[in-house]
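A.B. asks: Got a structure for you, written out below as structure tokens; questions coming shortly.
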Amino acid sequence: MQLDQQTRGRVMFGTGPGQLASDAFMMGIDPLKQRAMMAEALDVIVPLLRGETVTARTDWFELTDARLQLAPYRPDGIDLAVASTVSPSGSVQAGKHGIGLLSLAAGDPAGEAALTRNWQVYESSCAEHGHPADRDSWRLVVPMHLADTAEEARGQAEYGVLHLVRYIEGLSGRTMPWGGDAASAVKQWTTGGFPTFGVAILGTPADAIARIEALAASSGGFGTLLLLDLPTGRPEDKRRSYELFAEYVVPHFTGANRRRAASMDWAHANSARFTGAVRQAVENALTEGGAR
């Protein structure tokens with residue numbers, strides 16, 4: 001599993017049907033047609049990006065011998081991914097075109113419960129259309145904020161959590177019972193979770209490692225973890241959170257410290273023998289020094 005290596009220095013083209021009905025209405029799109037329109041758009045975007053000439057006609061666009069004048073910069077093209085939450089529509093389209101799957105709701109209990117089902121749909125869709133189903137191309141998205149202690153992380157998250165609550169209330173048209181004060185909102189976010197955003201990891205690097213390993217186990221394995229950037233702290237606290245992630249969480253999963261840990265374990269297991277040898281060497285030196 002890679003946490004920040006796979007997409008470093010790369011451009012990713014992400015697509016999805018759109019989760020906000022307000023966006024659809026502003027653009028004059030019927031929310032009931034969004035998923036079908038995404039499928040129709042992918043049917044032409046994917047081959048265009050692969051350098052093919054495309055002719056297609058739908059009830060909302062028409063292309064005749066369409067082609068791209070400029071190819072993607074990288075020889076292997078642009079990294080493509082389809083967003084998926086709880087429904088399997090994203091998995092179907094990602095598998096159809098042989099592109100990556102991006103699970104936006106991995107932090108949400110319902111979204112996490114759907115991970116295995118959505119991956120199975122992705123595998124089935126890949127097989128149907130002759131594409132390999134590669135778990136390395138599967139990305140899971142979670143909200144996270146780290147600090148040196150769990151108490152610090154939760155306290156720092158109080159800085160911006162009510163802005164997020166007001167955003168959720170504005171979209172849903174409902175007042176959240178736990179949205180009256182920051183401490184209550186943080187407690188809800190780390191236990192029952194927020195609508196759409198799910199349960200946040202607010203804690204230490206060790207907490208993050210445990211949560212990611214649990215996600216890997218429940219999903220059956222994935223390729224990349226993406227951190228959902230939210231107002232979880234002041235700018236300096238957010239920078240420290242990413243530093244902790246880079247210094248402790250990433251090396252755990254890349255195995256960068258594996259040999260160092262093995263060396264420390266070996267030294268600890270043989271500490272009695274080493275200490276005895278050093279003590280004997282000092283005693284011998286004192287005895288020999290005294291004799292001379």
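Where a number appears in this text, it was derived from the coordinates with a stated rule and is not lab data. Quick caveat: nothing in here was measured; it's all calculated off a predicted structure. Here the Cβ is made from the backbone with ideal geometry for all residues, glycine too, and neighbour counts use every protein chain on show.
A.B. asks: Express the relative contact order of the chain as a whole percentage, based on alpha carbon pairs under 8 Å and six or more residues apart in sequence.
C.D. replies: Relative contact order for the chain comes out at 19 percent.
A.B. asks: Return the Cα extents of region 1-118 along principal axes one, two and three, sorted largest first, each rounded to a whole Å.
C.D. replies: Extents along the principal axes, in whole Å: 45, 37, 24.
A.B. asks: Still on this structure, please answer the following. What does DSSP give for region 12-261 in terms of the percent of beta bridges that are antiparallel, rounded to the nearest 5?
C.D. replies: Details: 4 of 23 bridges.
Counting DSSP beta bridges with both partners in region 12-261, the antiparallel share is about 15 percent.
A.B. asks: Okay, moving on. Ordered by residue, what ³J(HN,Hα) values in Hz, to whole numbers, does region 137-150 give under the Karplus form 6.51 cos²θ - 1.76 cosθ + 1.60, where θ = phi - 60° and Gly and Pro are x?
C.D. replies: So the J values, rounded to whole Hz, are 8, 8, 10, 10, 10, 9, x, 8, 9, 10, 8, 5, 9, 5.
A.B. asks: Please list, in chain and number order, the residues 5+ apart from Leu228 or on another chain whose amide H is under 5 Å from its amide H, with Hs placed from the backbone.
C.D. replies: Close amide H contacts, sequence-distant or interchain: Val142, Met144.
A.B. asks: For the chain, state the semi-axes of the equivalent ellipsoid (square roots of 5 times the eigenvalues of the alpha-carbon gyration tensor), sorted largest first and rounded to whole angstrom.
C.D. replies: They are 47, 28, 16 Å, listed largest first.
A.B. asks: Per the Kirkwood treatment, what hydrodynamic radius in Å, one decimal, follows for region 148-292 from the mean inverse distance over all distinct Cα pairs? Display every interim value, and only then the final one.
C.D. replies: Values: mean 1/r = 0.0527 Å⁻¹.
That comes to 19.0 Å for region 148-292.
A.B. asks: Another question, then. Going highest first, how would you order 240-251, 77-88 by mean Cβ packing within 10 Å?
C.D. replies: Details: 240-251: 16.6, 77-88: 20.2.
Going from most to least packed, we get 77-88, 240-251.
A.B. asks: Any number yet on Rg/Rh for region 84-224, C-alpha, Kirkwood?
C.D. replies: That ratio is 1.04, to two decimals.
A.B. asks: Dividing the Cα convex hull volume of region 202-285 by residue count, how many Å³ per residue is that?
C.D. replies: Cα-based convex hull of region 202-285, divided per residue, equals 149 Å³.
A.B. asks: Further question on the same structure: Give a residue-ordered list of calculated ³J(HN,Hα) values for region 27-42 (Karplus: 6.51 cos²θ - 1.76 cosθ + 1.60, θ = phi - 60°; whole Hz; x for Gly, Pro).
C.D. replies: So the Karplus estimates, Gly and Pro as x, are 9, x, 9, 6, x, 6, 9, 4, 5, 5, 5, 4, 4, 5, 5, 5 Hz.
A.B. asks: Same structure, new question: Take each of the peptides 275-281, 50-56, average the number of other beta-carbon atoms within 10 Å over its residues, and list them starting from the highest. Spell out each step's value before the answer.
C.D. replies: Details: 275-281: 10.1, 50-56: 13.1.
The most tightly packed comes first, giving 50-56, 275-281.
A.B. asks: Taking only Cα atoms, what is the 0 to 90° angle, nearest 10, from helix 205-219's long axis to the longest principal axis of the chain?
C.D. replies: 50 degrees
A.B. asks: Note the angle between two axes, namely the Cα long axis of helix 161-172 and the longest principal axis of the Cα atoms of the chain, as a number of degrees from 0 to 90, rounded to the nearest 10.
C.D. replies: 20 degrees
A.B. asks: Something else: Find the centroid of the Cα atoms in region 54-68 and in region 114-151, then give the distance between the two in whole Å.
C.D. replies: 31 Å
A.B. asks: For helix 115-128, report the angle its Cα long axis makes with the longest principal axis of the Cα atoms of the chain; keep it between 0 and 90° and round to the nearest 10°.
C.D. replies: Once rounded, one gets 60 degrees.
A.B. asks: Once the other residues with Cβ under 14 Å from the Cβ of Glu236 are scored (Lys, Arg +1; Asp, Glu -1), what is the net sum?
C.D. replies: Spelling it out: positives minus negatives among the neighbours equals 0.
A.B. asks: With the alpha-carbon atoms as the only input, what is the per residue convex hull volume for region 208-254 in Å³?
C.D. replies: So the per-residue Cα hull volume is 80 Å³.
A.B. asks: Of Trp119, Val44, Leu68, whose Cα points farthest to the positive end of the dipole of the chain (charges on the beta-carbon: +1 Lys, Arg; -1 Asp, Glu; origin at the Cα centre)?
C.D. replies: Sorting the options by dipole projection puts first Trp119.
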